[in-house]
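Since the structure comes first, as structure tokens, the remarks are kept for the end.
Nothing in this text is a laboratory measurement; each read-out follows from the coordinates by a stated rule. Remember, predicted model here, so these are calculated numbers, not experimental data. Virtual Cβ from ideal backbone geometry, glycine too; neighbours counted across all protein chains shown.
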Protein chains: 4
Amino acid sequence: MSHNSFGNLLKFTTWGESHGEAIGCVVDGFPAGIPINTKYIQSRLELRKPGQSKFTTQRKEKDEVNILSGVFNGKSTGAPISMIIYNSDQRIKDYSEIKNKFRPGHADYTYFMKYKNYDYRGGGRSSARETAMRVAAGALAELLLKKISKNKIKVTSAVIQIGNEKIDNNTAWNNNFINKNPFFSPNKSIVKKWEDLILMHRKKGSSLGAVIEVRVSNCPVGIGEPIYQKLDSELSKAIMSINAVKGIEFGTGFNLVNYDGTTGSDQINYKNKKINFHTNHAGGILGGISSGQDIVFRYIVKPTSSVLSEKNTVTKNFKNTKIRTKGRHDPCVGIRAVPVGIAMTNFVIGDLLLIHKSKSL
Amino acid sequence: MSHNSFGNLLKFTTWGESHGEAIGCVVDGFPAGIPINTKYIQSRLELRKPGQSKFTTQRKEKDEVNILSGVFNGKSTGAPISMIIYNSDQRIKDYSEIKNKFRPGHADYTYFMKYKNYDYRGGGRSSARETAMRVAAGALAELLLKKISKNKIKVTSAVIQIGNEKIDNNTAWNNNFINKNPFFSPNKSIVKKWEDLILMHRKKGSSLGAVIEVRVSNCPVGIGEPIYQKLDSELSKAIMSINAVKGIEFGTGFNLVNYDGTTGSDQINYKNKKINFHTNHAGGILGGISSGQDIVFRYIVKPTSSVLSEKNTVTKNFKNTKIRTKGRHDPCVGIRAVPVGIAMTNFVIGDLLLIHKSKSL
Amino acid sequence: MSHNSFGNLLKFTTWGESHGEAIGCVVDGFPAGIPINTKYIQSRLELRKPGQSKFTTQRKEKDEVNILSGVFNGKSTGAPISMIIYNSDQRIKDYSEIKNKFRPGHADYTYFMKYKNYDYRGGGRSSARETAMRVAAGALAELLLKKISKNKIKVTSAVIQIGNEKIDNNTAWNNNFINKNPFFSPNKSIVKKWEDLILMHRKKGSSLGAVIEVRVSNCPVGIGEPIYQKLDSELSKAIMSINAVKGIEFGTGFNLVNYDGTTGSDQINYKNKKINFHTNHAGGILGGISSGQDIVFRYIVKPTSSVLSEKNTVTKNFKNTKIRTKGRHDPCVGIRAVPVGIAMTNFVIGDLLLIHKSKSL
Amino acid sequence: MSHNSFGNLLKFTTWGESHGEAIGCVVDGFPAGIPINTKYIQSRLELRKPGQSKFTTQRKEKDEVNILSGVFNGKSTGAPISMIIYNSDQRIKDYSEIKNKFRPGHADYTYFMKYKNYDYRGGGRSSARETAMRVAAGALAELLLKKISKNKIKVTSAVIQIGNEKIDNNTAWNNNFINKNPFFSPNKSIVKKWEDLILMHRKKGSSLGAVIEVRVSNCPVGIGEPIYQKLDSELSKAIMSINAVKGIEFGTGFNLVNYDGTTGSDQINYKNKKINFHTNHAGGILGGISSGQDIVFRYIVKPTSSVLSEKNTVTKNFKNTKIRTKGRHDPCVGIRAVPVGIAMTNFVIGDLLLIHKSKSL
């Protein structure tokens, strides 16, 4: 059992605070002989890095990853892989004003009550900065999956809703477009609307929520261990551990309540030497095990609570007060959650795939 | 790591198939000195038991629990508590017809592909019958919480939507009514509609989905271990492991996408020597740690795929065929999921509470 | 983390008290498709069963194992395997006299202080009766190893010392003889001495310690995960968890202090397409990983503290008193530890082999 | 499950190779509010540091520890504590000669076979250099125990045998002297003999084994979780994971075979409001739980296999060859194992104490 570790056979442990000297992670259980391309890991970090566009926070972090162990001559050795990112942009003064006030919607109050201390410098351990290391660990898992599946397994993710602006269900999902726009939108048609919406909220110092969809293609049948390491159960644990996520659903999800047992299940037939599913209400998972269909799920990232408008709150000495959160915050944190969700998904699949492999005699 | 175990410091392991000799569980890490009332555990099982009303399956199972170890003179001893339920109603013939066909929407196909065998007798290990043992384990956790919290912590749950019939948001939630109607409805006003809806679907051999809400009151502040044992993350893992659940959301959940950072976070003030939250968008959890507010979440249980209407499927030898699932199935399995969700919630809170306790010097 | 579970990918959980209704275990992570022969498991239990000869306790237990889940049509299904043994010989009266006294050398005092209760009926959970379930779980691991290694991997064990009567180092170790004498002696020459020694101690109501050696042949190279799942580390944890074991050593063990770096390490050469070790000081393990040599270790089982002679002790109310342990105890519990040590060794190797397998791409 | 992690509720994960850029560890589950004195941690590292006297290796490593997270304003925050030591003395050339040869008695061959690669630069991950991080993690555990037990619990350890020169059983054990001589001897009388012995072996390029004893005083009754987290079982796992350790025994250990059930168990009486044990054959542990007596155990550290005399070995291409290990090795690695054993013992007790605490309602 580890509070700050994730995974079973393949495991990572993260450490570090948003305004400490560095953040890092240790990936354990990673097989030997996997080519490790640091540039590739860095490229995944760039997708999450703040300050990339006017639609995300203007905080600057270089987010340069260093591998300190476990790789020799360009390949994993089977030893734990330690990665570190030194923090560069630690403007303490931005936070001094809120030093003694609990920011509503943040973890300040609960951390303070739990640990009898808190790191007022931007959230400390509870900051989303921690997710950078998930991206690094997830990139390693991706390299592992590439090798094992011969580049077949592919995790893709896109934002499908910002505020009340939702992508039309009938809109084409264009994988190539996703990384070519600042919103990770899978379709060009909504981009202008989102731009306007975010700029409007940014201007008034407010923020927006988002819904993100993840799709995994070519996941082999059989991944996931019933009853308590089901693929959807492990993915939910993974995604729900990401800051600001408040819900997750698979396949048709909550909307399945509007179907009946006839229309809401996926019929199958056999053709061209493979099983074909007529629909994908189940999101590619049956009984907690991957069915070979695309794995599909969505999650909601709430609007960040750090906004300019004044709110009621309480000081560390339990006096009523008001608070405005200045700082340089994301108008829509959901955008930068996309690479984090991809990373966690790659990690879960890599982990469960190794477990499945161990039992396949 | 255990595929069939759940929990960390407080842990249960389930075993058994729907049509085997028995099902059971072992609860480990249970503190000594807790009064164990077998009748109370049995009363929780009665809530989940099939055949209770015409709105659930007509299968008869006595579901009589026996405690085989870990209890001496009416109290837990600190040793593992083993519980067993012998299976009584094992009508094999009901299932013989579907012996060689994968039931669409069920785990037959994925189990067969993963394990190269499957127990055609009603789903074997993948059957919801396994959840009876969760109810027993959860009842033990409840007894533990009663003792630790002096009867304060209370987990309540109700069905809030069946098919497209949803309880009005403004409707009063009456805790006393929940166990007095066959639907676990928290309000009388919708009961007639649900009766009609279920009887209609039962008649045509179809089935309905449901949305269930869980509320935990008086959970102390500080429960949950960031970053990877967050309270919401552990609850999601728990609930998503229940058969047929396809999504979960906390507090305002997916609907938070329609709020902004000002309206979507919960402001606080201090009054009468305690922290008061103006709203509960967060569902009682901040940064993965309980905030002292009610913990609130909802989950969707899909309509069971076992219906009378004919569906396309494939045999174990990969021939295309048709299937009708006769048997004695629940027209709305979501109803019987209610006590299971309560059990898992009690268990998660009990486990995380022990962990939190171990660190409180 | 589980207090009453052992293993990692392959795991068993035991439950039950010596004088409760039954004892049992659940084996999880066991691969599907392994032939499960209940008679074979029973045959392993017979080796540990009390009342087999006049050199062990005269308590009668049928020790008849039942498999309740996880096996279908003679093969493992991949689901957890639950096994149970009902207790038959529960003569409570034998123990009534010592109900309120801590037996010196037993766990009565520490259990009472830890749990604030204790099961005076023969040790309850701390009784060696628990080890019957280890034998059953180990037998399953053995069946797994047989299948994976095509009957090559073989765990053998024998008693090499009882009291001060030790087998001569130059004495031949005859595998076939081990199960043909009541002491698990690997050589006939010492049998008479042990008979006399044990009968003498039995007569005066005293008891003897024993040293047991375990040898594993044909274990493949590469088993064991550094740094904290080393093969010798996991075996030590396993063996040291057996009742009454007070020490373990690998290869030349403690005697290595009498060697220097030249004579105490095993030189190697390559011949006939394989690595040959000139000696086996290391006990078949280098850096925590099996080297392909025989794995060899020894452990000491102390003389049971249940003897007829009067000892000083204390009551549950902390009054000084005297005690004599009557009951029907083993004059040399080390003998019946042999099949337990074999079981634990098989289980450790099975577990680490699955882990190694999961990483071998 | 983690290959490179140790502990349960309190856990550390180590990473890094002997000749990589750095080594490090992450300590998770460490309670908040514990004063963390970096100088104290450094002082523990100094005890293990190479190059301290002519009786240990002449390799120079500064072994300067940096804390990168989890500590704020001099106290632990409850977040993971990351510690790092940068490697300074990486003389690659010393190892170039043996680049392609397996060093007998080392892990070269088994690592190569397991991982299909190896780090020839001084053992890489298998090097005892890893143990520096155990000392750092153990020092944290010690600070925790100091706080919890109000400085009562105390782990002491000394070398009691080097080669065939053993401390007389009747010799007084002087805790103050242990850190005042280069051998961690508890008594002055043997120091001259050990000096001569080591210098002789050093001169001829050979090495010596050692036996080390550990004593824990004032450990409260009740620590250790039966059946599979027994205190002795966890300590054995911990100690046996240290490089070059080949055996461990508790209390009277292997010598118990020379006692009978009357003389070999510890009688008790009650006096001055506490339980008194007449002897300590059990080493302070009964049924896997601490009894309140001193916990006493011993372990053997084999002579290092890196010696000047020529040995037979094999190349990575499986050709027979000869090898001499030059380098700057310890003539008796057992000496520097002393602080490592202390660290592991502190960590095990800290971990099991937190577990016990979580169950004490």
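Note on D:168, D:28: ascending count of other Cβ atoms within 10 Å places them as D:168, D:28, the fewest first.
FRET efficiency for residue B:274 and residue B:179, Cβ-Cβ distance as r, R0 = 30 Å, nearest 0.05?
Numbers: r = 30 Å, r/R0 = 1.01.
For residue B:274 and residue B:179, the calculated efficiency is 0.50.
Once you reduce region B:187-205 and region A:168-224 to the center of their Cα atoms, the two points are 39 Å from each other.
Under 10 Å, Cα contacts only: if you run a Gaussian network model on chain A, which one of A:117, A:169, A:218 comes out with the highest mean-square fluctuation? It is A:169.
Based solely on its DSSP helices, what 222 nm [θ] is calculated for chain A when runs of n ≥ 4 H residues each add -39,500 (n - 2.57) and the sum is averaged over all residues, nearest 500 deg cm²/dmol? One gets -8500 deg cm²/dmol as the mean residue ellipticity at 222 nm. Remark: A:48, A:202 ranked as A:202, A:48, counting other beta-carbon atoms within 10 Å and listing the fewest first. For residue A:49, the aspartates and glutamates whose Cα comes closer than 18 Å to its Cα, not counting residues fewer than 8 places off in the same chain, are A:17, A:21, A:61, A:63, A:64, A:89, A:130, A:330. Helix A:333-359 axis versus longest C-alpha principal axis of chain A: approximately 40°, rounded to the nearest ten.
Centre-to-centre, using Cα atoms only, region C:48-78 and region A:255-274 are separated by 46 Å. Measuring r between the beta carbons of residue A:312 and residue B:151 and using R0 = 35 Å, the FRET efficiency lands at 0.60.
Taking amide H atoms as placed 1.01 Å from N in the peptide plane, the amide H of residue A:286 lies under 5 Å from those of A:291, each 5 or more residues away in sequence or on another chain.
Taken about its Cα centre, the protein assembly as shown carries a charge dipole of about 0 debye when Lys and Arg each add +1 at the Cβ and Asp and Glu each add -1 at the Cβ.
Inter-label distance, residue A:172 to residue D:75: 6.1 nm, where each label sits 7 Å from its Cα along the C-beta direction. Note on chain A: with a GNM built from Cα contacts shorter than 10 Å, the maximum mean-square fluctuation among A:156, A:345, A:38 falls on A:38. For the protein assembly as shown, a Kirkwood radius taken over Cα pairs fed into Stokes-Einstein (4 °C, viscosity 1.567 mPa s) yields D = 39 µm²/s.
Quick check: the angle from helix B:131-149's long axis to the longest principal axis of chain B, C-alpha only, nearest 10 degrees? For B:131-149 against chain B, the angle is about 10 degrees. All other residues whose Cβ lies under 9 angstrom from that of residue D:322 are scored, Lys and Arg at +1 and Asp and Glu at -1, for a net of +2. By the compact-protein rule of thumb, 2.2 N^0.38 Å, the alpha-carbon radius of gyration of region B:29-70 corresponds to a ratio of 1.50. Candidate cross-link partners of residue D:193 among the lysines, defined by an alpha-carbon separation under 21 Å and a same-chain spacing of 8 or more, comprise D:54, D:166, D:180, D:203, D:204, D:302. Let me make sure I get this right: for region A:84-202, a, b and c are the square roots of the gyration tensor eigenvalues over alpha carbons, sorted descending. Under 1.5 in a/c it's rounded, otherwise prolate if a/b > b/c, else oblate. Which is it? Taking the square roots of the gyration eigenvalues as a ≥ b ≥ c, region A:84-202 is oblate.
Neighbour counts of C-beta atoms inside 10 Å place C:153, D:148, D:223, B:198 in the sequence D:148, C:153, B:198, D:223, starting with the fewest.
Look at the stretch C:291-300: the mean tally of other chain Cβ atoms within 10 Å of its residues' Cβ atoms is 2. The charge dipole of region B:271-315, taken about its Cα centre with unit charges on the Cβ of Lys, Arg, Asp and Glu (plus for the first two, minus for the last two), comes to roughly 280 debye.
Taking label points 7 Å from Cα along the Cα-to-Cβ direction, residue C:199 and residue A:88 give a separation of 8.6 nm.
Each of C:100, C:15, C:284 was scored by the projection of its Cα onto the charge dipole of chain C, and the greatest displacement toward the positive side belongs to C:100; charges sit on the C-beta of Lys, Arg, Asp and Glu.
Legend: residue pairs B:359/D:75; B:357/D:357; C:237/D:230; A:75/A:152, Cα-Cα distance threshold 18 Å; pairs beyond threshold, A:75/A:152. State whether region C:175-244 is rounded, prolate or oblate according to the following rule on the C-alpha gyration tensor (a ≥ b ≥ c being the square roots of its eigenvalues): a/c under 1.5 gives rounded; otherwise a/b larger than b/c gives prolate, and the remaining case gives oblate. Because a/c hits 1.5 or more and a/b fails to exceed b/c, region C:175-244 counts as oblate.
For peptide D:160-166, the mean count of partner chain Cβ atoms within 10 Å of a residue's Cβ comes to 2. Result for chain B in a Gaussian network model with C-alpha springs under 10 Å: among B:320, B:346, B:100, the largest mean-square fluctuation is at B:320. Panel note: the C-alpha atoms of chain A, placed on their principal axes, show extents of 67, 50, 37 Å (largest first). With a ≥ b ≥ c the root eigenvalues of the C-alpha gyration tensor of region A:236-353, is it rounded (a/c under 1.5), prolate (a/b larger than b/c) or oblate? Verdict is prolate for region A:236-353.
Relative to the dominant Cα principal axis of chain B, helix B:231-240 is inclined by about 10°.
Assuming charge only on the beta carbon of Lys and Arg (+1) and of Asp and Glu (-1), the dipole of chain C about its Cα centre is about 840 debye to the nearest 20. Positive end of the dipole of chain A (Cβ unit charges, origin at the Cα centre): among A:117, A:177, A:133, the Cα lying farthest that way belongs to A:117. For region D:183-193, putting each phi into the Karplus relation 6.51 cos²θ - 1.76 cosθ + 1.60 with θ = phi - 60° gives couplings of 10, 6, 7, x, 8, 5, 4, 8, 4, 4, 4 Hz, in residue order, rounded to whole numbers and with x for Gly and Pro. Between amide H atoms placed 1.01 Å from N, distances below 5 Å from residue A:76 occur with A:33, A:34, A:36, all of them 5 or more places distant or on a separate chain.
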